[in-house]
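*Asks:* Dropping a structure here in structure tokens format, bear with me for questions.
The values are calculated or read from the model by the stated rules, or taken from the named source; none is laboratory data. This structure is a prediction, so every number in the text was calculated from the model and none was measured. Cβ placement follows ideal geometry from the backbone for every residue including glycine, while neighbour counts extend to all protein chains displayed.
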Amino acid sequence: MIKHRPFLIVVSAPSGSGKTTIVRMVLQKMNDLFYSVSATTRKKRAGEVDGKDYIFVSHETFAKWIDEGKVVEWAEIYGEYYGTPKEPIDRALKEGRDVILDLDIHGKRALEKLYGKDVVSVFLLPPSIEELRRRLISRGAESPEKLKLRLALSKEEMKWGYEYDYIVLNDIREVATDNVISIIKAERMRRERIVNLKEIVGDED
Ligand code: 5GP
């Protein structure tokens, strides 16, 4: 059997474009993937499950994790910490599982610093600013000023795309999901990742 060295798939998108949905749909179809659950110090919202939506920790614990290098990347948003715990990722990789993460560009960069070529980055591109506007509006009541700000931010964030390995159009959800899955499947077959090629085909001539 061909075996590949496990890798990390990082999915980013402009805020409000529905990236969480795509990652969730990928996970439903590929149950051998490991999803990296973020840690946060913010309070649990109704319906959220500890360990599934987030790992909820105290400020003290989070600060300690930062000091001890136990988070791959982190950010402070409105006075609360958010970050990616390192240990679950390393454990999954050790077990031979590929890991999927949804992070912004800062998270993606931090991940690449640590894991280098074992990171595959995918950028989900909203079909248009108009569509993004529709998605933001359908998500809930935003004041016109807030909407304008969010859209301006998303426009900026679309430039992140320049730094990614793959650009996937996030128009029809099912299609975007299948395209992300195709990328993961192809990456599993990259010759550089195959650890037992020599065993199978013998020494190079
Ligand atoms: P919320 O509190 O609404 O769940 O998330 C607030 C913000 O935290 C979102 O913009 C989300 O992208 C960000 N966030 C969630 N998890 C992480 C993480 O692991 N690292 C970083 N840097 N930001 C995160």
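*Asks:* Which residue is surrounded by the most Cβ atoms within 10 Å (Cβ to Cβ), if the candidates are limited to segment 33-46 and must be more than 21 Å from E73 (Cβ to Cβ) and either within 12 Å of the ligand (Cβ to nearest atom) or in the same structural domain as P6 (by TED's automatic domain parsing) (or both)?
*Replies:* Per the criteria, the residue is K44.
*Asks:* Looking at segment 1-52, which of its residues are of a type in the set (V, I, T) and free of Cβ contacts under 8 Å to residues at least 60 places away in the same chain?
*Replies:* V37, T40, T41, V49
*Asks:* Also, quick follow-up: When segment 76-95 is examined, which residues are found to be surrounded by 13 or more Cβ atoms within 10 Å (Cβ to Cβ) and not in a helix (DSSP H, G or I)?
*Replies:* E80, Y81, Y82, G83, T84, P85
*Asks:* A follow-up question, please. What are the pairs with Cβ atoms under 7 angstrom where one residue, in segment 96-108, is assigned to a loop (DSSP other than H, G, I, E, B) and at pLDDT 95 or above and the other, located anywhere, is more than 10 Å from the ligand (Cβ to nearest atom) and of a type in the set (D, E)? Sequence gap at least six, or different chains.
*Replies:* The qualifying pairs are R97/D32.
*Asks:* So V72 passes all but one of these: (1) within 15 Å of the ligand (Cβ to nearest atom); (2) more than 25 Å from E192 (Cα to Cα); (3) in the same structural domain as R45 (by TED's automatic domain parsing). Which condition number does it fail?
*Replies:* (2)
*Asks:* For P144, indicate whether it is at pLDDT below 95, over 29 Å from E87 (Cα atoms) and touching a Leu at 6+ places or on another chain (Cβ under 7 Å).
*Replies:* no
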